[in-house]
1. Taking the stretch 444-460 as the search range and keeping residues that are modelled with pLDDT under 90 and charged (D, E, K, R), which one is nearest to residue 301 (Cα to Cα)?
2. Given the conditions (1) part of a loop (DSSP other than H, G, I, E, B); (2) under 27 Å from residue 143 (Cα atoms); (3) modelled with pLDDT under 95, which single one is not true for residue 91?
3. Here is a list: 172, 191. Which entry is farther than 23 Å from residue 529 by Cα and aromatic (Phe, Trp, Tyr)?
4. Can you spot a residue in the stretch 481-500 that is in a helix (DSSP H, G or I) and touching a helix residue (DSSP H, G or I) at 6+ places or on another chain (Cβ under 9 Å)?
5. Would you be able to tell me the number of residues in the stretch 343-390 that are open to solvent by 20 Å² or more (accessible area, probe 1.4 Å) and in contact with a His (Cβ under 7 Å, 6 or more places away or on another chain)?
6. Would you list the helices (runs of 4 or more DSSP H) that sit entirely within the stretch 129-186 and hold 1 or more residues that are aliphatic (A, V, I, L, M) and in contact with a helix residue (DSSP H, G or I) (Cβ under 6 Å, 6 or more places away or on another chain)?
7. Among the residues of the stretch 560-603, write down those that are open to solvent by 100 Å² or more (accessible area, probe 1.4 Å) and within 29 Å of residue 494 (Cβ to Cβ).
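The values are calculated or read from the model by the stated rules, or taken from the named source; none is laboratory data. Model, not experiment: these values are computed from the prediction. Cβ placement follows ideal geometry from the backbone for every residue including glycine, while neighbour counts extend to all protein chains displayed. Protein only, heavy atoms only, side chains kept; ligands, DNA and RNA dropped before computing areas. Shrake-Rupley method; radii C 1.70, N 1.55, O 1.52, S 1.80 Å.
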Amino acid sequence: MRTHYCGQLRAEHVGETVTLFGWVNSYRDQGGVIFIDLRDRSGICQIVSDLSRTPQSFPIAESLKNEYVIKVVGKVSQRPADSFNPRLPTGEVEIYADELELLSALAPDEKSKDGNDVLLPFQVSSADPVKEEARLKYRYLDLRRERMSQNIKLRHQVVKSIRRFLEDQEGFIEVETPMLTRSTPEGARDFLVPSRVNPGEFFALPQSPQLFKQLLMVSGFDRYYQVARCFRDEDLRADRQPEFTQLDMEMSFMSQEEILELNEGLVCHILKQVKGIEVPRPFPRLTYAEAMDRYGSDKPDTRYGLELVDVSDLMKDSGFKVFSGAVASGGIVKVLPIPGGNDAFSNVRIKPGGDLFNEAASMGAKGLAYIRVRDDGDIDTIGAIKDNLSEEQKQELLKRTGATAGHLLLFGAGDAPTVNKTLDRLRQVIARELNLIDPDKINLLWIVEFPMFEWNADENRLEALHHPFTKPFDEDAHDLKTARAQAYDLVFNGFEVGGGSLRIYQSDLQQKVFETIGLSTEEAHNKFGFLLEAFKYGTPPHGGIAYGLDRLVMLLAGEESIRDVIAFPKTQQARCLLTNAPSGVDTKQLKELHIGVTQKPKA
């Protein structure tokens, strides 16, 4: 039986006989003495097989290779002082192997000449970069490596701290909700599951437990949480996966203020327990309108400045038609002031074909106007801006932007969404280039007072900005089309890690919201009749929040992709390289499900 994990051994264990299991991380033959670094999930310790001191284990030690699985029985010894390894927690001790047992060797490479060579897809013990395709195909090897092992353990620690806080301190109950549910609108595409026993009908995998957790509030479970698997069939990027994990919470009889206070306590508890970091409370708050005005984003990174300045009123009467025309057509003009930008960014980079211009164009901008502030405080630009601004307008522009000698002013002009997206992108790119972002800093803030709805130009209708179960402010309920939502997002260094709201709990108001997004009474009852029915039987006021657990762990681990904090993730093409999924299925299975495949096989 195992007595210890490798990473547990310390100087206080000297003299004890221990039994260890693990993988050979590295192997060094010093001629009569063999040193083996033995690895398990807890860490590494040094094993010694000495021809004179431990003759029984030496023949087996000579046959070992990296990643062989072995059992070791031996006595813990103090290392000589000059051989301490300060890089390892176990660096003061070593184990002399009285017994060695080979439990599992590597299969020989089929292409080797003598049939004995072993070839790994990549070296587990090395920290050298490995292509992601290989890492995902051989994920079980990648998970042995220190980086991934630490990330998965960090994820476990985060979930553990969440459970302890919610259950032990705040009285929450974990309830599992169904994985097979019905398809509902107002979200991303569903993953559909055909029903064999109900031909022609489909389940959907849940995009979130939203409706079920509201029904649990109707059921009287007034503090619910769940670490929930969710599924969305949407285009992927670094921080998205087709299947992902949320921390879902729902609470009855709590105001928005109480919900935010409780969640600040939760987040601070996670940071303290997992990272040893103290975060001041309360977290700062910005309304949605303030965030968009100052940063052009509803998830701004506030670790640095570079705030935007709206100069629409100043430019509406300017002679520069690009600016005045944008305002006249209902758009805006904003400025991104960049201290020291004159020296950092050349004209070539801002003009068509330059990298900054291309960043702006990728967000829909048709151009990128700019002004440089000279040492004498005057402004300099190429084009018609300077010549079409009065002296009064120039001075007011410098005053509003706080621009002094050396400043570069980048302009966005056009419809508000495009201008905000453009300057938000440039703000992030420029902050990284100028090293304005402190990687060790954690800035958390709440974004509140979102609009209830946004316009979907493709479908020519309003749609819920969050979801259609969000409660409007009471004072705005007379005109839902322009109402503010009692919604809140938690932003962590420019990433939205959590979002929630107070919920509608009256059938009549819920029906009005459905009407506003274009659902008829019949459609609403067809899709959500069970929810409207439940609201008739005594529904408490309630609200909740959901955290993207993968994204939160990604940020805590300092990774750039959630794939690096998920044990078995999909690629950006939504494929599992390890199991080669998705794949075709037998015709018999399709017939049982009454499904025909129209896609032609790939050539």
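1. Initially, the stretch 444-460 is screened for residues modelled with pLDDT under 90, giving 455-460.
Checking the rest, the ones that are also charged (D, E, K, R) come to 458-459.
Details: 458: 30, 459: 32 Å.
In this case the residue turns out to be 458.
2. (3)
3. On the way: 191 fails: farther than 23 Å from residue 529 by Cα.
Answer to the check: 172.
4. Residues of the stretch 481-500 in a helix (DSSP H, G or I): 481-482.
With touching a helix residue (DSSP H, G or I) at 6+ places or on another chain (Cβ under 9 Å) added as a condition, the list becomes 481-482.
Checked the stretch 481-500: at least one residue is in a helix (DSSP H, G or I) and touching a helix residue (DSSP H, G or I) at 6+ places or on another chain (Cβ under 9 Å).
5. 0
6. Per the criteria, 146-163.
7. 560, 568, 573
Residues are listed down the side, and each one gets a yes or a no for (1) part of a strand (DSSP E or B); (2) surrounded by 13 or more Cβ atoms within 10 Å (Cβ to Cβ); (3) among the small types (Gly, Ala, Ser); (4) touching a helix residue (DSSP H, G or I) at 6+ places or on another chain (Cβ under 9 Å):
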position: 26; (1), (2), (3), (4): yes, yes, yes, no
position: 38; (1), (2), (3), (4): yes, yes, no, yes
position: 76; (1), (2), (3), (4): yes, yes, no, yes
position: 85; (1), (2), (3), (4): no, yes, no, no
position: 102; (1), (2), (3), (4): yes, yes, no, yes
